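We did not get these values from a lab; they are worked out from the coordinates using the rules stated. Since the model is a prediction, treat every value here as computed from it, not as a measurement. Cβ placement follows ideal geometry from the backbone for every residue including glycine, while neighbour counts extend to all protein chains displayed.
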Amino acid sequence: MAAFLQQVVSGLAQGAIFASLALALVLIYRSTDVLNFAQGEMATFTTFVAWSLMNQGVSYWPAFALTLVIAFVGGAAVERIIIRPVEHRPEIVIVIVTIGLLIALNGLTGWIWGAEVKAFDSPFPNETTDVAGVVISYQDLGVLCVCLATVLVLWAFFRFTTLGLVMRAVANSQEASRLMGVRVGWMLALGWGLAASLGAVAGMMAAPTAFLDPNLMLVILIYSFAAAVLGGIDSPVGAVVGGLTLGVLINVLGTYVDFIGGELRLPAALTVLLVVLLVRPQGLFGHRVVRRV
Amino acid sequence: MSWRTILRKAIGPALFVLAVVVVALLPRFMGEFRLLQFTLVAIYVIALLGLNILTGYSGQISLGHGAFVGVGAYVAALLSLGRPGLELYMLDPPDWIPIGDGMRPVFTIPIAALVTGIVGFIIGIPALRLGGISLALATLAIAVSFPILMKRFAEVTGGGGGLNLNLPETPFGWDISTRHWLYYEAWVAAGILFLLAWLLVRGRIGRAWRSIRDGEVAAVSAGVNPALYKTFAFGVSSAYAGAAGALFAIETAYVNPDTFPVSLSILLLAAAVIGGLGSLAGVVFGALLFEFLPIYSQEPPLFDLSLADQAPAVVFGVFLIVVMLLLPGGVAGLFRALANVVRGGRLRRAAPPGA
Amino acid sequence: MPLLELTDVFARYGPIQALHGVSLKVDEGEVVALLGANGAGKTTTLRSISGMTRTSGEITFDGRRIARRSTESVARLGIAHVPEGRGLFPELTVWENLRMGAVGGRGDFAEAAERVVGSFPWIERRRDQAAATLSGGEQQMLALGRALVGRPRLLMLDEPSLGLAPTVVRELFATVRRLNEDDGLTVLVVEQNARIALEVTSRAYVLEVGKVAVEGASDELARHERVRKSYLGY
């Protein structure tokens, strides 16, 4: 039982990373109606920025904060410069543009920092603690706390601030928002900025255990996609629940089902997802809102 | 019919004949290495034809095309080696897999296409029911899982070490080298599959695909069953990928899980888009680009420099974005717009046909 | 100087020409109706003022030229536009919808909200309910309340009576009337229901195929033979 709970806890830590990136995807999906395939590469790029900062002698938390700011500015710039011109074109065009960004950023990251794996510092002690017989590593605990704290801050922002309200309104109806005098273009850029910062958190949390290389977030992006779709692509709560569920699921399946083992986690997780979606196409928390307004 | 209409109708076939002549004469002017490159172009033409049918004509994105190319390659490798060949690798696949005792590589091409097509059709059934986002996710997942699966089931595939094939000999006692034979084999296959694709997209099925692409609701009211046609498009597109994969395995005489990484799938989609979605001629541009852009962007001609390994990806990505921003019809759309100017028309936005 | 003036405005939706030279004006403190059949260009006229169509011609508001300005900047000048379908945010709560009204406007939200709640007391009781769950009449009232929270200088209502019960329509127009009389609010209202529109407005324009066909004082128009036959049905 203790061994099982241990797997659950480290699954939650892994899942918290999926949840952060999934939330970034949902954020952009709700406002721009498009899946940002470059979300993972944006996160990888900013994680490398953090690595460079720390390499220059900046200590962990200042580098962490600075990276969030850089990610925010970068994300907003991407929206303004690359996404804006195709905003009103068919969905497939926007998706392809984000795929172009994925390819270019992946190449650029490798070009700047090289393809070899880099060690990324962790702010958490490399020790474990014992809670009622369950051995928990501080690393897992720290990742879980940072990710959940980020999600909480974001939730509070959307729930309690006027800017957050306006951004939710834009996601609801761009035209109605314009009629209220909202500068919709800037709100979309803001959304991309926030999503990029969230992705940066996910990247910096993933890097110490997954090791930092240009393909750091590729598999994580797929899990996060899966988490977002599982939770319901238009539901922020769903993204978080979906991420945590998926994290626990792959850890438990990988540990206790011999056939799956370490290698087949991804295919197994996606098969589970496919089955869920066939039963409930809108995902666990997604809704097909009956828009009466 | 006016001269103008006749001219317009003749331009497609004329270009095709011209392409055939160029392809037939090209080997006279190049060495073995160039020949290999142009053989690969033919293979990419086939793969991109499939992707264009799916994305350009039926309007669905696949980020897993490279995996289906891989399936075709492995089918061809297993069939041409046969059980005796696999024994040399100490491989003993389960008896229920009908691998046979080895066959001439060229015969594996249609089988690989058929098997891959069926695999695609089966995967397409659940994936396509889920619609846009889930399809993108599912295909991306297939692309990521493919190398993992090939390594995991090493008792059939040889795992990470891959499988070596024998380069086939030139048949019928022709007096040309194997490389030349493979070149013609690939281009004949590409030509046949090109014509087949042309017949498909201009007929009833193509119309149904386009109506689905341009609006599913309209398609349903026109009596088209979107799920069926979408799944069929997925199957056809996979079959093309399978044929390309088989040729690739035969040509390079080697298959390995890492020959078919995620990036292959993603870059294939990029090449299809840059060449021009919804244009069969655009496929040729896309294939040329796919083969030569990486080479030339790493060592740009006219400049005496050698850029990093990652330069091609950056160029490809930026190119893709710029094309989407400025030329939604891709290279093919650009040519259409230019032709329009030459005919005295106005320069219009190079939009894909039907968009 | 009129508060709002349109001079020879043309507008198109993609390939379709919807306005063929509309000219009209609204003075400060007036309630003006824009009447006409379906497709005559009433909604397009409002959308052109709000910068939501491609227009040519001159539109001035308070002496400023606003043609071809963005929708949000027009809204920020103090034109509140309640569009067809009311333009609420379905997933936001009643109170959040109300708050959105103050985002681009001026002045204090709390004070303005208090006045709106004074007019529509139910808003306070149902403040945390999603807007999508309101009835049609409540949605229209909320949309009106939200517009007022921004303290507009000009209120534009597009078919406010659409889909509402007659008693609700009366109540709605009575509110508009009161706002005009008590606070001097200027209103431009597009209506299909010409009878009630002519009752509550002081002047009216009748649009036919994208042009002003008839204009005049509302009580005179109500007696005008062509208007009576075409739009009042007697």
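Data overview
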{"quantity": "Cubic angstrom per residue, convex hull over Cα atoms of the stretch C:1-100", "calculated": "123"}
{"quantity": "Over the stretch B:119-210, relative contact order from alpha-carbon pairs under 8 Å, at least 6 apart, %", "calculated": "9"}
{"quantity": "Cα long-axis angle, helix B:32-51 against chain B (0 to 90 degrees, to the nearest 10)", "calculated": "70"}
{"quantity": "Using alpha-carbon coordinates, inclination of helix A:162-172 to the longest axis of chain A, degrees", "calculated": "80"}
{"quantity": "GNM result for chain C, Cα springs below 10 Å: residue of C:ASP62, C:ASP182, C:ASP128 fluctuating most strongly", "calculated": "C:ASP182"}
{"quantity": "Crossing angle, helix B:280-298 versus chain B [Cα axis fit, 0-90 degrees, rounded to tens]", "calculated": "70"}
{"quantity": "Listed residues B:VAL69, B:ALA332, B:VAL45: farthest to the positive end of the dipole of chain B (Cβ charges)", "calculated": "B:ALA332"}
{"quantity": "Longest exposed-site-free window of chain A, the sites being GluC sites (Glu not before Pro) in a DSSP loop that have at most 12 other C-beta atoms within 10 Å", "calculated": "A:128-293"}
{"quantity": "The stretch A:7-124 pair-distance distribution - Cα-Cα, 5 Å bins, rounded %", "calculated": "2, 10, 17, 21, 19, 15, 10, 4, 1, 0"}
{"quantity": "Hydrodynamic radius by Kirkwood, which averages 1/r over all alpha carbon pairs of the stretch C:80-234, in angstrom", "calculated": "16.4"}
{"quantity": "Cut-off 18 Å, label 7 Å out along Cα→Cβ of B:LEU338, residues of the stretch B:10-25 by amide N", "calculated": "B:11-12, B:15-16, B:18-19"}
{"quantity": "FRET efficiency estimate (nearest 0.05) - Cβ-Cβ, C:TYR13 to B:TYR296, R0 45 angstrom", "calculated": "0.45"}
{"quantity": "Neighbour-count order for A:SER177, B:SER211, fewest beta carbons within 10 angstrom listed first", "calculated": "B:SER211, A:SER177"}
{"quantity": "Between the stretch A:140-158 and the stretch C:105-126, the Cα center-to-center distance that results, in Å", "calculated": "35"}
{"quantity": "Separation in nanometres of the label points that stand 7 Å from Cα toward Cβ, at C:SER23 and B:ALA10", "calculated": "5.9"}
{"quantity": "Relative pair counts by distance (%), Cα atoms of the stretch A:122-161, 5 Å bins", "calculated": "6, 22, 18, 17, 13, 10, 8, 5, 0"}
{"quantity": "Stokes-Einstein translational diffusion, the protein assembly as shown - Kirkwood Rh over all Cα pairs, 0.890 mPa s, 25 °C, in µm²/s", "calculated": "80"}
{"quantity": "Debye, to nearest 20: dipole size of chain B, +1 on Lys, Arg Cβ, -1 on Asp, Glu Cβ", "calculated": "1980"}
{"quantity": "Computed over the stretch A:226-267, the ratio Rg/Rh where both radii use C-alpha atoms and Rh is Kirkwood", "calculated": "1.09"}
{"quantity": "Mean separation of Cα contacts under 8 Å, 6 or more apart, over the residue count of chain B: relative contact order %", "calculated": "28"}
{"quantity": "Helical contribution to [θ] at 222 nm, DSSP H n ≥ 4, -39,500 (n - 2.57), averaged over the protein assembly as shown, rounded to 500", "calculated": "-20000 deg cm²/dmol"}
{"quantity": "Distance between the stretch B:26-44 and the stretch A:201-257 - C-alpha centres, whole angstrom", "calculated": "44"}
{"quantity": "Rounded to whole Å, sorted largest first: equivalent-ellipsoid semi-axes of chain B, Cα gyration tensor", "calculated": "33, 25, 21"}
{"quantity": "Overall Cα dimensions of the stretch C:28-163, principal axis frame, Å, largest first", "calculated": "46, 34, 27"}
{"quantity": "For chain B, built as a Gaussian network whose Cα springs stay under 10 Å, the top-fluctuating residue of B:ALA19, B:ALA241, B:ALA141", "calculated": "B:ALA19"}
{"quantity": "For the stretch B:156-275, the fraction of alpha-carbon pairs in successive 5 Å shells from zero, as %", "calculated": "2, 9, 13, 16, 16, 15, 11, 8, 6, 3, 1, 0"}
{"quantity": "B:ILE250, B:ILE111 arranged by Cβ crowding within 10 Å, fewest neighbours leading", "calculated": "B:ILE111, B:ILE250"}
{"quantity": "Electrostatic dipole magnitude of the stretch A:176-283 [Cβ: Lys, Arg +1; Asp, Glu -1; Cα centre; debye, to 20]", "calculated": "440"}
{"quantity": "Long-range amide H partners of C:MET156 with built H, under 5 Å", "calculated": "C:ALA80, C:HIS81, C:VAL82, C:LEU188"}
{"quantity": "Coarse-grained scattering of the stretch B:1-106 at q = 0.11, 0.12, 0.21, 0.23 Å⁻¹, given as base-10 log I(q)/I(0) from a Debye sum over alpha-carbon atoms", "calculated": "-0.64, -0.73, -1.11, -1.14"}
{"quantity": "Convex hull volume per residue in cubic angstrom - Cα atoms of the stretch C:6-47", "calculated": "69"}
{"quantity": "Charge dipole of the protein assembly as shown about the Cα centre (unit charges at C-beta), most positive-ward option of A:LEU270, A:LEU249, C:VAL209", "calculated": "C:VAL209"}
{"quantity": "The stretch B:43-182: relative contact order as a whole-number percent, Cα under 8 Å and 6+ apart", "calculated": "27"}
{"quantity": "q = 0.24, 0.29 Å⁻¹, the stretch A:71-142: log10 I(q)/I(0) [Debye, one scatterer per Cα]", "calculated": "-1.07, -1.22"}
{"quantity": "10 Å Cβ neighbours from other chains, averaged over peptide C:86-96", "calculated": "6"}
{"quantity": "The stretch C:181-234, Cα convex hull volume normalised per residue, Å³", "calculated": "84"}
{"quantity": "Candidates B:LEU40, B:LEU288, B:LEU25, ranked by Gaussian network fluctuation over chain B, Cα under 10 Å, top entry", "calculated": "B:LEU25"}
{"quantity": "Lysine pairs with alpha-carbon atoms under 26 Å apart, the protein assembly as shown, spacing 8 or more or separate chains", "calculated": "7"}
{"quantity": "Under DSSP loop assignment and at most 12 Cβ neighbours within 10 Å, longest trypsin sites (Lys or Arg not before Pro)-free interval of chain A", "calculated": "A:1-287"}
{"quantity": "Within the stretch B:54-156: Cβ-based charge dipole about Cα centre, in debye rounded to nearest 20 (Lys, Arg +1; Asp, Glu -1)", "calculated": "320"}
